[in-house]
Amino acid sequence: MTASGAVWRNWARTEHVRPRRVERPSSAAAVQRAVVAAGQAGLRIKAVGSGHSFTGIAVAPDVLLDLHDLELGVDNYSVDNDRGADYSGADHGGGGAIRVDVELGRVTLAAGTPLHRLPALLRPHGLALENMGDIDRQTIAGATSTGTHGTGAGFGGLATQIVALTLVTGDGALLRVSEIENPDLLPAARLGLGALGIVVDVTIQCVPAFLLHAVDAAEPLDAVLESWLERSETLDHFEFYWFPHTGSALTKTNTRLPADGIRSPLSPVRRWLDDELLANGLYRATCGIGAALPALVPRFSRMAERLSGGRDYTDASPRVFVTNRTVRFREMEYALPLEAVPEALREVRALIEERGWRISFPIEVRSAAADDLWLSTASGRATGYVAVHRYFREDPTEYFRAVEAIMRSHDGRPHWGKLHQQDAASLRAVYPRFDDFLAVRDRLDPDHRFSNPYLERVLGP
Ligand SMILES: Cc1cc2nc3c(=O)[nH]c(=O)nc-3n(C[C@H](O)[C@H](O)[C@H](O)COP(=O)(O)OP(=O)(O)OC[C@H]3O[C@@H](n4cnc5c(N)ncnc54)[C@H](O)[C@@H]3O)c2cc1C
């Protein structure tokens, strides 16, 4: 991704930085040494994952730690082998070492493990992640640190699946956080924004592998909004995309089935047609033309509306949850009380009509269960997510700011990894445990060694 002296850029090309130093530690001890050395030199230090955050949360101006080579250090752990711990040491290249507690269904992963490696790592043990987001390019530590989530009002985001983790704190010490060791830190450390320390491993509670029966359909937007609450609450995984300038939404309904059910996957040709040609190839052309000739956007949106939907298939969960996104875009996503979503979306629709904007990207609407993580966007309330996007060659500022005002009027909380304008003062008002999180940060990183300009804005200096 980057080398010493090179410029680091995030996926969305909204952020770039030339760190003074880049390090690729391969052990927790090497991470500890790097943190101590940075402290002695008066430098800040930051782990980056896959750079898939749209905000500057991963920007590392001084020392950038790239953890893709990091491996699990067996010596640091106290797993009970009698319960069937299984060291899959063969899977090392790229930091993907995994240790599995078969009986409990828990896996310990090196922090830099990319999510796309998990299906192959978990399959031999008959396990899967309980829920996943749209893509799998992120690292496990990066995804959980920002509150990455999928959809399903009965399921929490990825960080809620963490049962233990190991951190290197500001003084270079290794700190184990679990239900047994320092359990008081779990609600902060499971979703720590990268502000509490360098995560070197995480232990995830997995579930038995399962299939998903996926039904994608085009439906009138108004009917979808009417039924939003009921469908979110009763279906396993419900979400929808609305293409502005059209009257319909593409609904996606995924139902969980046992792993030994009958698979009826999309044919490779259909998958390529839908996911590569339509979702990426044609879409890239559409966005490019739309950016140059905005007047054509509604026509393209209606075309996308006609081509979307009409799919019914059953496949292993990661193959249904995850899509391949190659069209670069900018995104803002807000978490609202679940029941506020229909009204907020009607307001966004009215806003787009009133301002006459031409928006080529669909608006994505999802849900998640309430959780107890202090800085989770779903903390303490059943949550609906509304995500707006713009092609990366278009300026998102005016659109995002106006939508943000609507979202904030519904008590919205911004995704930590996606664009927004809020700061510590306004965020404190929507997170009841905000100051508790800051107290943990002051305890684990009193010099704010892991901070950067984005964290200074959202957490304070
Ligand atoms: C195309 C695309 C699709 C997306 N889809 C979704 C989605 O479906 N749902 C969703 O919720 N979000 C989604 N996101 C947002 C994305 O999941 C988050 O921004 C996520 O944080 C990116 O993970 P990363 O590995 O790239 O982390 P980075 O962006 O590199 O880093 C994120 C944060 O994690 C910290 N961090 C990383 N590793 C460590 C470590 N070892 N120790 C301590 N801190 C660490 C970084 O310092 C930084 O603060 C999407 C983003 C893109 C670009």
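Beta bridges per DSSP, both residues in the chain: antiparallel share near 90 percent.
Can you work out the accessible area per residue across region 2-66, with the rest of the protein chains kept in place, probe 1.4 Å, in square angstrom? Numbers along the way, then the final one.
Numbers: 2610 Å² over 65 residues.
Per-residue value: 40 Å².
Charge tally for Val63 (other residues, Cβ to Cβ under 9 Å; Lys, Arg +1; Asp, Glu -1): +2.
Where the accessible area of the chain is counted over protein heavy atoms with a 1.4 Å probe, how much of it, in %, is carbon and sulfur? Walk me through the intermediate numbers first.
Numbers: 9370 of 17860 Å².
C and S fraction of accessible area: 52 percent.
Using just the helices of the chain, give the 222 nm mean residue ellipticity in deg cm²/dmol: DSSP H runs with n ≥ 4 each add -39,500 (n - 2.57), and the total is spread over all residues, rounded to 500.
Details: 14 runs with 125 residues, N = 461.
Helices in the chain give a 222 nm mean residue ellipticity of -7500 deg cm²/dmol.
Within the shell defined by Cβ-Cβ distances under 11 Å, the residues around Val440 carry a net charge of -2, with Lys and Arg each +1 and Asp and Glu each -1. Relative to the first principal axis of the alpha-carbon coordinates of the chain, what is the inclination of helix 297-307, with its axis defined by its Cα atoms, in degrees from 0 to 90 and to the nearest 10? Between helix and principal axis, roughly 80 degrees.
Kirkwood-based Rg over Rh for the chain (C-alpha set), two decimals? List each step's numbers first, then the result.
Values: Rg = 21.6 Å, Rh = 22.6 Å.
With Rh from the inverse mean 1/r over Cα pairs, Rg/Rh is 0.95.
Potential lengthening of the chain between Arg325 and Ala370 amounts to 13.4 nm, from the contour at 0.36 nm per residue minus the alpha-carbon distance. The slack between Ala405 and Arg13, meaning 0.36 nm per residue of separation minus the straight C-alpha distance, is 138.7 nm.
Shown here are the Rg and Dmax of the Cα trace of region 200-240, at 15.4, 47 Å.
Give me the compactness ratio for region 2-66, meaning the Cα radius of gyration over 2.2 N^0.38 Å. Mind dumping the intermediate values first?
Working: Rg = 11.5 Å, N = 65, 2.2 N^0.38 = 10.7 Å.
Computed over Cα atoms of region 2-66, the ratio equals 1.07.
Working from label points 7 Å from Cα in the Cα-to-Cβ sense, the Asp423 to Ala223 distance is 4.8 nm. Debye-formula intensities of region 314-442, expressed as log10 I(q)/I(0) at q = 0.13 Å⁻¹, are -0.60 (one equal scatterer per alpha-carbon, no solvent).
The values are calculated or read from the model by the stated rules, or taken from the named source; none is laboratory data. In this text, all values refer to a predicted model and were calculated from it rather than measured experimentally. Positions of Cβ are backbone-derived with ideal geometry, glycine not excepted, and every protein chain shown enters the neighbour counts. With ligands, DNA and RNA removed, areas are computed over all heavy atoms of the protein, side chains included. Shrake-Rupley method; radii C 1.70, N 1.55, O 1.52, S 1.80 Å.
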